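The values are calculated or read from the model by the stated rules, or taken from the named source; none is laboratory data. It should be emphasised that the depicted structure is a prediction, and the values quoted were computed from it without experimental measurement. Here the Cβ is made from the backbone with ideal geometry for all residues, glycine too, and neighbour counts use every protein chain on show.
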Amino acid sequence: MWDDQRLLEFLPRAEAAAAQRALLRDHVAYAFANSPFYRRKLAAFADLIPDLTEDTLSELPMTDKSEFATENESFLATPMQQVTDTVFSSGTTGNPTAVMYSRHDVERLAFNERISLRGCGITADDIGLMTCTLDRCFVAGFAYYLGLLTIGATVARNGIASVQSHAQVMRRLRPTVLVGVPGFLTKLGLYLRESGQENLLESVRKIVCAGDPLRDREMNPLPVTARLEAIWGAKAYSTYASSEIISSFCECTAQRGGHLHPELAVVEIVDDQGKRVPAGEVGEVVVTPLKIESMPFVRFRTGDLSFLIDEPCSCGRTSVRLGPILGRKAQLMKVRGTSVYPAAFFQVLDAHPGIGGSYLTVRGDKNLSDEVTVTVSVTDASLTAAEIAEALHAVLRIHPTVVIDTAENVAGKIFDPLSHKPRRFFDERNK
Ligand SMILES: [Zn+2]
């Protein structure tokens, strides 16, 4: 079932497409036959399923997160006894939504992560240090762990821990691979430098980044990425995944977007009307994960915005690549006629010397224009709010309100102890 030796991403396009088409038909037929939700949702489209192609797939309705949250149980296509692992995603309603995986689905996840991580050059000789959470019913850390484990690498599951704790593990194991969010790994590297333990930086050759994107629209490294790579003297690879789609895409050694795995998912980029857009154009990422047993999805709307890259890759894979996530559809702000995503603000703020932490708050005003407030802490006391506003205007062409606050207050807002990742965007438009 999981053929590591014959990956579709290396085959000629037509051959990979034919193999994917057969898997797509099987998958949609399985969802229709076994998932009460899809039995209902696809009832009017039953005739299309036996002859489904990548093109006619777009005639099927999409599934969004709110449907998944409100009708959660009816997505389950296997008896509960067959469920092995359950992940909770925060969803849109505030109530955690359960994503259930059978043993087969967990093995599929391991295969996905294994071929993804091999793609960026990780081998059985590597020693990986995990700095993201493996428990609390989250999937990301578990997935990376399964990938490293089944590649045959050595894994240290240190998880969410202090920089001192990671340094201790590093002294004993000398990891060659780090896995975690870029912000924390930057902090860890700086700590090692400042505490006279630079020698611990030397063994690390690859950094697998979860969460934040590493590149801009032109695929150039963001300033935070360049800094992370410089501190560690290692290469950083971006990964994209979400718990519902049970699929992840990791950059190959070329560091130019995450290769799609045709045997595991069909990825479409769609416009506001749900129509597929060509490679290079930005739209919402819609994923149909293949070969899923417990909770199959057909055309799941991730809410994330990105684009496909359809150019040959120096690594030899033939599959198209997914670019960086440029923003979340729900986070789009309209400021006096200009459309902008939070990520565009952070790219300016994170690269600006003298700025410590920063976050955005957006409120809706009566004139149908969003009002954005940028709150920052400064490490250079001479930096003024007006200078920061000017730096933002130079790139974004809008004038946000800039407020300077203490480092403690800004960090307190960003790092909510109950959340597993820092939060820098506060949307108060629907309140
Ligand atoms: Zn490649």
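Could you check Leu392 against (1) closer than 14 Å to Val340 by Cα; (2) not in a helix (DSSP H, G or I) and say which number it fails? Just one mismatch for Leu392, condition (2). Number of residues in the stretch 110-122 that are surrounded by fewer than 24 Cβ atoms within 10 Å (Cβ to Cβ) and more than 16 Å from the ligand (Cβ to nearest atom) equals 3.
Do we find a residue being within 16 Å of the ligand (Cβ to nearest atom), of a type outside the set (D, E, K, R) and touching a Gly at 6+ places or on another chain (Cβ under 8 Å) anywhere in the stretch 219-226? Looking through the stretch 219-226, at least one residue is within 16 Å of the ligand (Cβ to nearest atom), of a type outside the set (D, E, K, R) and touching a Gly at 6+ places or on another chain (Cβ under 8 Å). Taken residue by residue, the stretch 250-265 has at least one member that is within 16 Å of the ligand (Cβ to nearest atom) and basic (Lys, Arg). Thr78 meets all of the listed conditions (1) closer than 24 Å to His261 by Cβ; (2) among the β-branched types (Val, Ile, Thr); (3) surrounded by fewer than 17 Cβ atoms within 10 Å (Cβ to Cβ) but one, namely (3).
Is it fair to say Val395 is touching a helix residue (DSSP H, G or I) at 6+ places or on another chain (Cβ under 9 Å) and under 16 Å from Asp427 (Cβ atoms)? Here the answer is no, as Val395 does not meet what is asked. On the basis of being closer than 30 Å to Leu260 by Cβ and without any contact (Cβ under 8 Å) to a residue 12 or more places away in the chain, does Ser339 make the cut? Taking the combined requirement at face value, the residue satisfies it. Screening Gly183 with (1) assigned to a strand (DSSP E or B); (2) closer than 17 Å to Ala234 by Cα gives one miss only, at (1). Here Ser358 meets the list (1) within 16 Å of the ligand (Cβ to nearest atom); (2) touching a helix residue (DSSP H, G or I) at 6+ places or on another chain (Cβ under 7 Å); (3) polar (S, T, N, Q) almost entirely, failing just condition (1). Considering only the stretch 262-281, state which residues are of a type outside the set (D, E, K, R) and not in a strand (DSSP E or B). Result: Pro262, Leu264, Gln273, Gly274, Val277, Pro278, Ala279, Gly280.
Does the stretch 306-318 contain any residue that is away from the ligand (no atom under 16 Å from the Cβ), more than 18 Å from Glu251 (Cα to Cα) and either among the polar types (S, T, N, Q) or not assigned by TED's automatic domain parsing to the domain that holds Gly121 (or both)? No, the stretch 306-318 has no match at all. Within the stretch 221-236, is even one residue hydrophobic (A, V, I, L, M, F, W, C), in a strand (DSSP E or B) and in contact (Cβ under 8 Å) with a residue 60 or more places away in the chain? No, that holds for no residue.
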